[in-house]
Amino acid sequence: MTIHAFIDESARGRTYLITVTVSAPHELGPVRRELKGLLLPGEREIHFKKTKNPRRRTLADRMSSMPVTAHVYMTDYTSKTEEDARQRCLDRTVRDLVVAGARRIVLDSRQWHRDVHDKGTLQRALGERPSKTELTYEHMESPMEPILWVSDAVGWCYGAGGAWKTRIGPIIERVVEL
């Protein structure tokens, strides 16, 4: 089955997480509409770090019932920089997405001077495969792609642990510790 993947990151202490939300193409429109319907007046995006707990609970409950799955990739970066940790997680993520049949990857943009690191990792991970897999990738600002909000929420909840991790758990399909 063809899938689309949406990647965002989170950091907790010295643990770096990349969260990938995966969706079938026919679910993209309905999921985006439902997510946009969760915006409060004046909001352009949902960002868990900026949200208060009662709203986080509501959003996590709604997102955990959507027809998407999430994968969490995490590594400790005590002996590495945060950027090294990100690229290590991203490399594994992309390799797994190729095997899973991904056709499109959208990454939450961290501004062009930092996105360039991702592009290098993506090119190395894909090697000669892009033409064989027909995989495309791009960086987007999160207000432009609502499904990135799910990745943000999953990363925040998983990183927070406890009840938050349990609350978002229904859509987490896989956790990979590197």
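The values are calculated or read from the model by the stated rules, or taken from the named source; none is laboratory data. Not measured: the values here are computed from a predicted model. Quick reminder, even Gly has a Cβ in these numbers, built from the backbone with ideal geometry, and neighbours come from all protein chains shown. Each accessible area value is taken on the protein alone, full model and side chains, heavy atoms only, with ligands, DNA and RNA left out. Shrake-Rupley method; radii C 1.70, N 1.55, O 1.52, S 1.80 Å.
Within segment 80-102, name every residue whose backbone N is under 20 Å away from a label modeled 7 Å from Cα of Ala24 along the Cβ vector.
97-102
Which distance in nm do the two modelled labels at Thr81 and Ala100 give, with both placed 7 Å along the Cα-to-Cβ direction?
For Thr81 paired with Ala100, the spin-label model returns 2.8 nm.
Given the whole protein assembly as supplied and a 1.4 Å probe, what does the accessible area of Lys165 come to in Å², nearest 10?
80 Å²
Under a cut-off of 13 Å between alpha-carbon atoms, report the aspartates and glutamates in cross-link reach of Lys50, not counting same-chain residues fewer than 8 places apart.
Asp152
In percent, what relative contact order does segment 1-124 have, based on Cα pairs under 8 Å that are 6 or more apart in sequence?
With pairs under 8 Å counted, the relative contact order is 39 percent.
Mind jotting down the distance between the C-alpha centroids of segment 71-106 and segment 159-173, whole Å?
19 Å
Of Ala102, Ala160, Ala70, which has the largest mean-square fluctuation in a 10 Å C-alpha GNM of the chain?
In this elastic network of the chain, the residue with the biggest mean-square fluctuation among Ala102, Ala160, Ala70 is Ala160.
Taking the solvent-accessible surface of protein heavy atoms with a 1.4 Å probe, what is the per residue accessible area of the chain in Å²?
Roughly 49 Å² per residue, with all protein chains present.
How large, in percent, is the carbon and sulfur part of the accessible surface of the chain at a probe radius of 1.4 Å?
50 percent
With n ≥ 4 as the cut-off for DSSP H runs, can you work out [θ] at 222 nm for the chain, using -39500 (n - 2.57) per run divided by the number of residues, rounded to the nearest 500?
-14000 deg cm²/dmol
Over segment 10-57, consider all pairs of different Cα atoms and compute the Kirkwood hydrodynamic radius from their mean reciprocal separation; express it in Å, one decimal.
13.2 Å
Under 25 Å Cα-Cα from Lys80, which lysines qualify once same-chain neighbours fewer than 8 residues away are excluded?
Partners within reach: Lys49, Lys119.
With a 1.4 Å probe and all protein chains kept in place, how much accessible area does His26 have, in Å² rounded to the nearest 10?
His26 has an accessible surface of roughly 130 Å² with all protein chains in place.
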